[in-house]
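**Q** Shown below is the structure under consideration.
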Amino acid sequence: MSLPTIEEKAAYVHDQFERIAGGYDRANDVISMGMHRAWKMRAVSQLVDVGGPGRFLDVCCGTGDLSILLARMAAPGSTVTGLDFSQNMLEIAEIRAHRKLRKIPPQTILDFVRGDAQNLPFERNSFDGAIISFGLRNLTDLQKGLTEMARVVRPGGKVANLDLGHCQVPVFAPVFSAYFGKVVPVLGGILQNDKKAYTYLPESLSTYPKPEKITEMFENAGLVNIQHIPLALGTVALHIGTRR
Ligand SMILES: C[S@@+](CC[C@H](N)C(=O)[O-])C[C@H]1O[C@@H](n2cnc3c(N)ncnc32)[C@H](O)[C@@H]1O
């Protein structure tokens, strides 16, 4: 299988997530062995500490698990917006948010918006924090996505990116590479009847920049105090920066 061209990428990614939305959460749990929940909790805990209620944006929110986590972990009275371009993913997010309503403080507002991560439908300085989780890799223009997130966050607010890393740990790196390249497509075929989508996943990592490059892209977006936090032996990378 070959990766889509730049021109094809947005439509290709959109079709893929529309197709796999129904089984996305179960596949995610199986493939990450449930660990994505802990990674997301770690990322959210870095973002919500703004000394009171805040306004938060979850870009490429998918089925909304991280948006709901933000709504639960942020101070009561916060506002959380999840944004995605896949209608099917957003429909699941809405249903899930409704199911979890009792766990979200009543003063907190959670809503979902359909839109493009590379052209966010918000004014400058609209949020105290913005996060993208396992979404950046899917954008056509990664730098544009980060620059947009920085634009809509107020000076002093935070921008976070949680995505796959490039594991460098000897012995473990080839094991991870085999798991991701060979086992994950098979799991995707079994769980989602969509081996193609889960072949794209490891292939998309081959063109995804290394953590040092992501740090550079954060700088280019106007972010400072950038931290790279490797998780799961570097197979996952969390980046956090502060808007200048
Ligand atoms: C791998 S999923 C991640 C979902 C969720 N954030 C998570 O961590 O599980 C990537 C999501 O990015 C969305 N997406 C990809 N490109 C996008 C774009 N240009 N604008 C908005 N959403 C996009 C897809 O529809 C999909 O829901």
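**Q** Any chance you could check the Cα centroid distance between the range 4-69 and the range 135-178 for me, in angstrom?
**A** Spelled out, the Cα-based centre of one part sits 12 Å from the other.
**Q** Using modelled amide H (1.01 Å from N, peptide plane; none on Pro or chain starts), what sits under 5 Å from the amide H of Gly129, excluding residues fewer than 5 places away?
**A** For Gly129, the qualifying residues are Arg55, Leu57, Lys158.
**Q** Which shape class, rounded, prolate or oblate, goes with the range 155-244 when its Cα gyration tensor gives a ≥ b ≥ c as root eigenvalues, a/c under 1.5 marks rounded, and past that a/b bigger than b/c marks prolate?
**A** Prolate, because a/c is 1.5 or more and a/b exceeds b/c.
**Q** If you take the square roots of the eigenvalues of the alpha-carbon gyration tensor of the range 88-244 and sort them as a ≥ b ≥ c, do you get rounded (a/c under 1.5), prolate (a/b over b/c) or oblate?
**A** Working: a/c = 1.92, a/b = 1.22, b/c = 1.57.
In terms of gyration-tensor shape, oblate.
**Q** I would also like to ask the following. With the Cα gyration tensor of the range 50-107 giving a ≥ b ≥ c as the square roots of its eigenvalues, does the rule (a/c under 1.5 for rounded; else a/b larger than b/c for prolate; else oblate) give rounded, prolate or oblate?
**A** Numbers: a/c = 2.93, a/b = 1.52, b/c = 1.93.
It comes out oblate by the Cα gyration axes.
**Q** If amide H atoms are built 1.01 Å from N in the plane of the peptide, which residues on other chains or at least 5 residues away come under 5 Å of the amide H of Val80?
**A** Close amide H contacts, sequence-distant or interchain: Phe56, Ile109, Leu110, Asp111.
**Q** Ordered by residue, what ³J(HN,Hα) values in Hz, to whole numbers, does the range 186-203 give under the Karplus form 6.51 cos²θ - 1.76 cosθ + 1.60, where θ = phi - 60° and Gly and Pro are x?
**A** Values per residue, Gly and Pro as x: 5, 4, x, x, 6, 6, 10, 6, 8, 4, 4, 4, 8, 8, 4, 4, x, 5 Hz.
**Q** For the range 44-61, in order, what is each residue's ³J(HN,Hα) by Karplus, 6.51 cos²θ - 1.76 cosθ + 1.60 with θ = phi - 60°, in whole Hz (x at glycine and Pro)?
**A** For the range 44-61, the Karplus curve yields 5, 4, 6, 9, 7, 7, 10, x, x, x, x, 10, 10, 10, 10, 7, 6, 5 Hz.
**Q** Expressed in nm to one decimal, what extension gain is obtained for the pair Val171 and Arg154 from 0.36 nm per residue of sequence separation less their Cα-Cα distance?
**A** Working: separation 17, 0.36 × 17 = 6.12 nm, distance 4.29 nm.
Roughly 1.8 nm would be gained on extension.
**Q** Specify the angular offset, from 0 to 90 degrees and rounded to the nearest 10, of the alpha carbon long axis of helix 6-20 from the longest principal axis of the alpha carbons in the chain.
**A** The angle comes out at about 90 degrees.
**Q** Could I ask something else about it? Note down the relative contact order for the range 1-153 as a percent, whole number, built from C-alpha pairs under 8 angstrom at least six residues apart.
**A** The normalised contact order for the range 1-153 reaches 25 percent.
Rule-based calculations on the coordinates, nothing more; no lab input. Note that the structure is predicted; figures quoted are calculated from it, not measured.
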